Amino acid sequence: MRGRARAWGRLPLGYAFEDTSADIVARDFGQAFADRLSELPIGEWSGPIESPFGLHLILVDLRTEGHLPALSKVREAVERDWSFALREEISNSACWRS
């Protein structure tokens with residue numbers, strides 16, 4: 001967490017996060033903070049909301065529901081990730097046999 005604290009620790013006043021998923025917010029600010037954001041009203045200032053980095057005043061101006069993209073839109077990334085995972089598994093199993 002210390003590295004993230006340096007990265008996020010001193011955000012400028014008025015810093016905006018656009019199109020940021022709840023998973024990314026949870027990774028960077030903690031699950032409790034991300035859960036709290038999902039409860040905040042749209043179009044109103046809320047807070048202070050606590051995170052590991054301190055207290056925050058939050059304005060949620062838009063919230064969109066997540067969705068699963070069509071396979072045709074993510075096929076390349078899925079194939080690349082699957083291929084990488086397969087190569088890594090083969091490499092790791094070969095190392096253990098030596």
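Restricting segment 39-98 to residues that are hydroxyl-bearing (S, T, Y) and more than 18 Å from the chain's Cα centre (by Cα), which is surrounded by the most Cβ atoms within 10 Å (Cβ to Cβ)?
The qualifying residue surrounded by the most Cβ atoms within 10 Å (Cβ to Cβ) is S46.
Considering only segment 33-72, state which residues are within 14 Å of S21 (Cα to Cα) and of a type in the set (S, T, N, Q).
Selection gives S38, T64.
So for segment 45-61 (the condition being hydroxyl-bearing (S, T, Y) and assigned to a loop (DSSP other than H, G, I, E, B)), does at least one residue qualify?
Checked against the condition, which is being hydroxyl-bearing (S, T, Y) and assigned to a loop (DSSP other than H, G, I, E, B), segment 45-61 yields no hits at all.
Could you check, for segment 83-96, whether at least one of its residues is under 19 Å from E18 (Cβ atoms) and of a type in the set (D, E)?
No, because not a single residue in segment 83-96 is under 19 Å from E18 (Cβ atoms) and of a type in the set (D, E).
How many residues are under 16 Å from E65 (Cα atoms) and touching a Lys or Arg at 6+ places or on another chain (Cβ under 9 Å) when one looks only at segment 22-39?
Residues in segment 22-39 being under 16 Å from E65 (Cα atoms) and touching a Lys or Arg at 6+ places or on another chain (Cβ under 9 Å): 3 in total.
No value in this document is a laboratory result; all are computed from the given coordinates. Note that the structure is predicted; figures quoted are calculated from it, not measured. For neighbour counting, all protein chains shown are included, and Cβ atoms are generated from backbone atoms with ideal geometry for every residue, glycine included.
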